[in-house]
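Take a look at the structure set out below.
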Amino acid sequence: MTVTPADVTTAVALLRATLRDVPDDAWDVPAGTLTWTCWETVEHTADDLFAYALQIGPSDPPTDTHVPARWRHERDGGPGGTIFVERAAGTLGLMRVTEACGAMLAGVVAAAPAERLSHHVYGASDPEGFAAMGVVETLVHTNDVATALRLDFTPPADLCARAIARLFPGLPDHPDPWERLLWATGRAALPDHPRRESWRWDGRPLALRG
């Protein structure tokens, strides 16, 4: 059930395959239940992928704070980040930036020693953990945007199952890993389990959990 660099690139490829034909002028509607637009949500996904690569990339990453890249908000209420995409580049530009950031994360995870730890607000994590975070962010935000734009999106069950196993211990049993992941991230209900109002993953390596 290990999450791999290939899982990151697979998740990003799924995002691109799902959203590549979105018209350039269709991105400004809210993404699902988020207050961000669909454009901002994909931009945020790219930024997450980049930030995770940045965090686990140094040979001596901090375990108590972020690697100090500057970030900002483009507008009040919008996502903060370091990566922003030129709007004039349209859908193709947005897809290329996101794919590039995913490739950065996959490459850094592949190159980093498996035991390296770096800070995350949900627990200091290792390369596999940051890969799993990248997978989860990519899948759930692709779903946010696909839902808003009425596009079909159902990622592979095994990909979802590996991300769940790494980041979400103790979830309720349910036969569909994608539905479990949507429940884990507050985006759907499960039988006898209402939609979560708040959620977080546990990024710590399994060996460090109590």
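I'd like to verify something in the chain: which complete DSSP H helices, judged by Cα projection on the helix axis, reach 20 Å or more and average at least -0.5 on the Kyte-Doolittle scale?
5-19, 38-56, 90-111, 127-149
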How large is the direction-averaged shadow of the alpha-carbon convex hull of region 40-94, in nm²? 4.5 nm²
Using alpha-carbon positions, what is the distance between the centroids of region 136-163 and region 1-42, in Å? 8 Å
Remind me, relative contact order of the chain in percent, using alpha carbon pairs under 8 angstrom and six or more residues apart? 27 percent
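Suppose we take every Cα in region 99-172 and form the convex hull; what volume per residue is that in Å³?
Normalising the Cα hull of region 99-172 by residue number yields 122 Å³.
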Once you have the Cα-Cα distance between S198 and R70, take 0.36 nm times their residue separation minus that, and quote the gain in nm to one decimal. 43.3 nm
Nothing charged except the Cβ atoms of Lys and Arg (+1) and of Asp and Glu (-1): what's the magnitude of the dipole of region 33-163 about its Cα centre? Round to the nearest 20 debye. 240 debye
Taking Rh as the Kirkwood radius computed over alpha-carbon pairs of the chain and applying Stokes-Einstein at 25 °C with viscosity 0.890 mPa s, one gets a diffusion coefficient in µm² s⁻¹ of 142 µm²/s
At a 10 angstrom cut-off on C-beta neighbours, averaged per residue, how do the peptides 153-163, 126-136 rank from highest to lowest? 126-136, 153-163
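What net charge is computed for the residues neighbouring D202, neighbours being all others with C-beta under 11 Å from the C-beta of D202, Lys and Arg scored +1, Asp and Glu -1? Write out the running numbers ahead of the final one.
Numbers: positive: R166, R200, R204, R209; negative: none.
So the surrounding residues net to +4.
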Can you give the charge dipole size of region 117-210 about its Cα centre, rounded to the nearest 20 debye, using +1 on the beta carbon of Lys and Arg and -1 on the beta carbon of Asp and Glu? 200 debye
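For every other residue with a beta carbon closer than 15 angstrom to the beta carbon of P113, add +1 if it is Lys or Arg and -1 if Asp or Glu, then tell me the sum.
-3
Taken together, the values in this text are just the output of simple stated rules run on the coordinates, not laboratory data. Everything quoted here is computed from the prediction, not taken from an experiment. All Cβ positions, even for glycine, are placed from backbone atoms using ideal geometry, and neighbour counts span all protein chains on display.
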